1. Among the residues of the range 31-59 satisfying the criterion of being touching a residue at least 40 places away in the same chain (Cβ under 8 Å) and part of a strand (DSSP E or B), which is most open to solvent (accessible area, probe 1.4 Å)?
2. Of the conditions (1) open to solvent by 80 Å² or more (accessible area, probe 1.4 Å); (2) closer than 28 Å to THR141 by Cα; (3) in a helix (DSSP H, G or I), GLU283 satisfies every one except a single condition; which number is it?
3. Of all residues in the range 10-22 being touching a strand residue (DSSP E or B) at 6+ places or on another chain (Cβ under 7 Å) and of a type outside the set (Gly, Ala, Ser), which is surrounded by the most Cβ atoms within 10 Å (Cβ to Cβ)?
4. When you look at ALA196, is it open to solvent by 60 Å² or more (accessible area, probe 1.4 Å) and part of a loop (DSSP other than H, G, I, E, B), yes or no?
5. If a residue has to be farther than 18 Å from LEU108 by Cβ and either within 10 Å of the ligand (Cβ to nearest atom) or free of Cβ contacts under 8 Å to residues at least 60 places away in the same chain (or both) to count, how many in the range 11-22 make the cut?
6. Out of GLY113, GLY25, GLY119, GLY65, I need the residue that is touching a His at 6+ places or on another chain (Cβ under 8 Å), surrounded by fewer than 20 Cβ atoms within 10 Å (Cβ to Cβ) and small (Gly, Ala, Ser). Which one?
7. Of the residues that sit in the range 232-266 and are crowded, with 18+ Cβ neighbours inside 10 Å and outside any helix (DSSP H, G or I), which one is nearest to the chain's Cα centre (by Cα)?
Amino acid sequence: MGIFVVAGVSGNTGSVVAETLLAQGKSVRVVVRDAAKGDAWKARGAEVAVATLTDADALARAFAGADGVYVLAPPFSFAAEDPSADRPALFAGVTGALRKARPAHVVLLSSVGAQHAAGNGPIAALHAFEREIAATGVPATFLRAAYFMENWASSLGGALEANALYNALTADRKIPQVATRDIGTTAARLLLEPVASGTRVVELAGPADYSLDDVAATLSAVVGRSIPAVQVPIEGLKGALRGMGASAAVAELYGEMTDGINRGHVAFEHGAKALVRGPTTLETVLRSLLKR
Ligand SMILES: NC(=O)c1ccc[n+]([C@@H]2O[C@H](COP(=O)([O-])OP(=O)(O)OC[C@H]3O[C@@H](n4cnc5c(N)ncnc54)[C@H](OP(=O)(O)O)[C@@H]3O)[C@@H](O)[C@H]2O)c1
């Protein structure tokens, strides 16, 4: 039996991918930048490879002999003046390693809206990453995940304090959202059901779509008091992000993405029939975020 390699294993989704495969008795090699972060995985029976995503040689050693590898584009720094500056080195590291090691299959965590090259903010980089991975010829699955339910974590404190959930998403427009746990378990399943050649797109959402009003109503139910949604303009979102330390360029990207969601540009490419839905509800995620 071959081995599955998981990058980003200290993160939200990679940790679930590795945990799910280990629980099924599969051989797993985790990729960490900092060897100390590998210790807990070693204790659980995983092999540990130390490599950064920009180092194609070290990463190729980590990918060697793999039946499947899980990769993602690490989030860029919130304060980055040019958030796209580090992307070429990250993408070259991963694609260089895929070309050298030629694992049987790669699963990339991508995003809703990654079929578009522009008008989608930070998702445009994932469009480029998909294309670069496809060009390696390594059979690839692009797991295009919906808006993370965990994105609400950064708004909860303020909402409880102000008794209002401020956001620039259209208040009554239902959008797909997904729990990072469901992304991890789906990615693990896709690693076990690889494509033999070419590329496959898998679009993933949660059990239902939720509007900003729905999120506010769910939050209200969980905390037992009324916390209505307040839709703010995109410019207001950008100002708030700047106030939280985002660079002008990063605020611009998130503004563009939010506007793209509101006008239906950042949406699934293949429609409801092809959509995979995970089981975890928004209520479950909000409850767990509030416990932290
Ligand atoms: N938020 C959304 O709504 C949404 C929706 C769809 C897709 N996405 C995509 O989801 C991805 C984030 O996934 P996530 O939440 O699972 O990630 P995450 O929790 O932010 O974790 C990032 C992981 O990448 C590792 N990492 C960072 N820089 C690295 C480097 N240079 N070399 C090797 N490893 C490195 C980190 O390791 P360390 O512990 O060493 O830092 C960490 O394990 C992004 O690509 C984002 O665009 C997000």
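The values are calculated or read from the model by the stated rules, or taken from the named source; none is laboratory data. Because the structure is predicted, anything quoted here is derived from the model rather than measured. We place every Cβ from the backbone using ideal geometry, glycine too, and count neighbours over all the protein chains shown. The accessibility values were calculated without ligands, DNA or RNA, using every heavy atom of the protein model including side chains. Shrake-Rupley method; radii C 1.70, N 1.55, O 1.52, S 1.80 Å.
1. GLU47
2. Failed condition: (2).
3. Across the range 10-22, the extreme among qualifying residues is VAL17.
4. Answer is yes for this residue.
5. So the answer is 1.
6. Checking each option against the conditions leaves just GLY119.
7. VAL266
Residues checked against (1) of a type in the set (D, E, K, R); (2) within 10 Å of the ligand (Cβ to nearest atom); (3) in contact with a Gly (Cβ under 7 Å, 6 or more places away or on another chain); (4) more than 20 Å from PRO75 (Cβ to Cβ):
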| site | (1), (2), (3), (4) |
| --- | --- |
| ARG102 | yes, no, no, yes |
| VAL107 | no, no, yes, no |
| SER110 | no, yes, no, no |
| ASN120 | no, no, yes, no |
| ILE123 | no, yes, yes, no |
| LEU126 | no, yes, no, no |
| GLU130 | yes, no, no, no |
| ALA135 | no, no, no, yes |
| THR141 | no, no, no, yes |
